[in-house]
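A short worksheet on the structure shown next.
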Amino acid sequence: MGEPWLARLTTNARPDELPVLSQTAFALAEVLRDEQAPLRRITDVVMRDPALALHLLQRANSVPRRHSSFELSSLEEAAQMLGLQTLARLASEAPSEHSLADGPRIQAYRQTGGRAVLSALLARDWAELDRDRFPSEISLAALLNNLGERYLIAHGDARMGRYLDMAERSSAFPHEVEYVTLGESLETIGYRLARLWGLPLLIREAMRARNAQHPRTLCVMLATQIARYACAGWHNPMQGKDLRLVARLLDLDVAALRDRINRVLDDFNQSAPGYALDPLAPLGMEAGEAAPASESLFCLAPRADDHARAERDLRDRLHEDRETVFAALLRGLHRGLGLNRGVVALQDSRRDALVAEYLVGTDFEPGFNRFMLPMSEAGLFAALLEQAEGIWACDDNASTCDCQVPQTVRELTGADSFFACPLRVGGRPLGVVYADRRGAACGLDPRSFQRFLHLVRLAELSLERLGEKVLS
């Protein structure tokens, strides 16, 4: 598992490996019989099937153009570029979900398609309420946000069967299910595929945790999460925090947000059976209330091979940029040491704040990914920038935890104990590295702390070999 598997999986991946739902091909043929059908009505049919939307968008963006950097970012533009005859041919010639052969895969493929459609409907409603100039772009990005998950189902990888089974049968956090069954983040897989297939910028960047700082990508991430909660019956302990974040994003109270979500659900439920889903329950009155802290069902096992690989990578490899350095560091912390979440927060002089730029283990936590700490409120983290050594916060030291860790950080992370270390290059502070384990049952330990510090120091040396590139 890990990088070699991911490279093999994505290097030769093709969009046409994702079949079009048979109901979509039929519906599109019906609407195209009306020669007077408006383009919006046609693309609304396409938006009911993530695979057909992907095929149309990818094909249109692969057509050579005078300005190669120009991207078609909406289905309307893509349909106009290719023409309706080409669209009809894409739908009729594509394999259907029945080509997946076995029943459980077909059902999972339909259900994840339905969840993606619900995400798109929510994102469009919120973008229109927020008066976004191009709500269809946000809706399309939400439709394709679970690209990695759907590709693995279509591809027939046995790991995905284990992931779906475990996700359905347990209340484990999605990050942990990915760690145990896949050994890789579904968002990482989706992002690689989106880049490989030349999908538009917003679609790609909404798959990167760091972009939760930006309202348009955050809208996509939250729509994906709320759709996931709805399809699971509104039982997830994380849903209250995300609902409150949506309410703040849209400047609504939770009751008004609940009403909007339920109107979207009413619309979606008319087509739910076509996605092998029962009509989804409405969001109840208790939505948005603080949920009790949820403990992990299991702890992430450190992987000695991944730890050794991260050490070698940071010590011996000449990296091309700081992004690859931080990717190696965070992979070592997450997979090598079994730390649930890792963050590289860099100093942003424009905002006078520490801002999360690189994260791991947080794909399903858009609120956590908005980690931004003004220096005036940074407390312990501001002090860290001025010293050379890292800390194990709250290690039998309640006063340190209560008095110096900023309240915003304690609320954001929900962690009673964590590791933090200054990141310095050439004697200059660059930012802070943070890592934790989720829940008291998966406590931190001295050996992990020493290895955490060692990996950060190796990362600093690797950054120093980059020279001026590290500051760009």
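Annotations for the structure displayed:
- Residues that are over 20 Å from the mean Cα position of the chain (by Cα), more than 17 Å from R248 (Cβ to Cβ) and modelled with pLDDT of 95 or more, drawn from segment 120-133: E128
- P215 being touching a residue at least 12 places away in the same chain (Cβ under 8 Å) and either farther than 15 Å from E365 by Cβ or surrounded by fewer than 17 Cβ atoms within 10 Å (Cβ to Cβ) (or both): yes
- Residue satisfying condition, being crowded, with 24+ Cβ neighbours inside 10 Å and either more than 27 Å from L182 (Cβ to Cβ) or not β-branched (V, I, T) (or both), within set L87, L100: L87
- Of everything listed in (1) at pLDDT 85 or above; (2) over 25 Å from A304 (Cα atoms); (3) not aromatic (F, W, Y), the single unmet condition for H454 is (2).
- In segment 431-451, the qualifying residues are those that are at pLDDT 95 or above and aliphatic (A, V, I, L, M), and the one that is farthest from A308 (Cα to Cα) is V432.
- Selection from segment 442-459 of residues that are in a helix (DSSP H, G or I) and more than 26 Å from the chain's Cα centre (by Cα): P446, R447, S448, F449, Q450, R451, L453, H454, R457, L458
- For first residues located in segment 100-125 and under 18 Å from L283 (Cα atoms), partners that are outside any helix (DSSP H, G or I) and among the basic types (K, R) and lie 6+ apart or on another chain with Cβ distances below 6 Å form the pairs V117/R48.
- Residue count for segment 255-276, restricted to those that are among the hydrophobic types (A, V, I, L, M, F, W, C) and surrounded by fewer than 20 Cβ atoms within 10 Å (Cβ to Cβ): 4
- Restricting segment 297-328 to residues that are crowded, with 18+ Cβ neighbours inside 10 Å and in a loop (DSSP other than H, G, I, E, B), the residue that is modelled with the highest pLDDT is R303.
- Residue match in segment 373-385 (condition: assigned to a strand (DSSP E or B) and in contact (Cβ under 8 Å) with a residue 40 or more places away in the chain): no
- Against the criterion of being out of contact with any Cys (no Cβ under 7 Å at 6 or more places or on another chain), within 28 Å of M166 (Cα to Cα), touching a residue at least 40 places away in the same chain (Cβ under 8 Å) and not in a helix (DSSP H, G or I), A281 qualifies.
- Residue in segment 160-196 that is farthest from Q58 (Cα to Cα), counting only those that are assigned to a helix (DSSP H, G or I) and among the aromatic types (F, W, Y): Y179
- One residue from A88, A13, A79, A29 being part of a helix (DSSP H, G or I) and under 26 Å from G148 (Cβ atoms): A79
The values are calculated or read from the model by the stated rules, or taken from the named source; none is laboratory data. Every value quoted in this text rests on a predicted model; they were computed, and no experiment measured them. Using ideal geometry, Cβ is built from the backbone for each residue, glycine included, and neighbour counts are taken over all protein chains shown.
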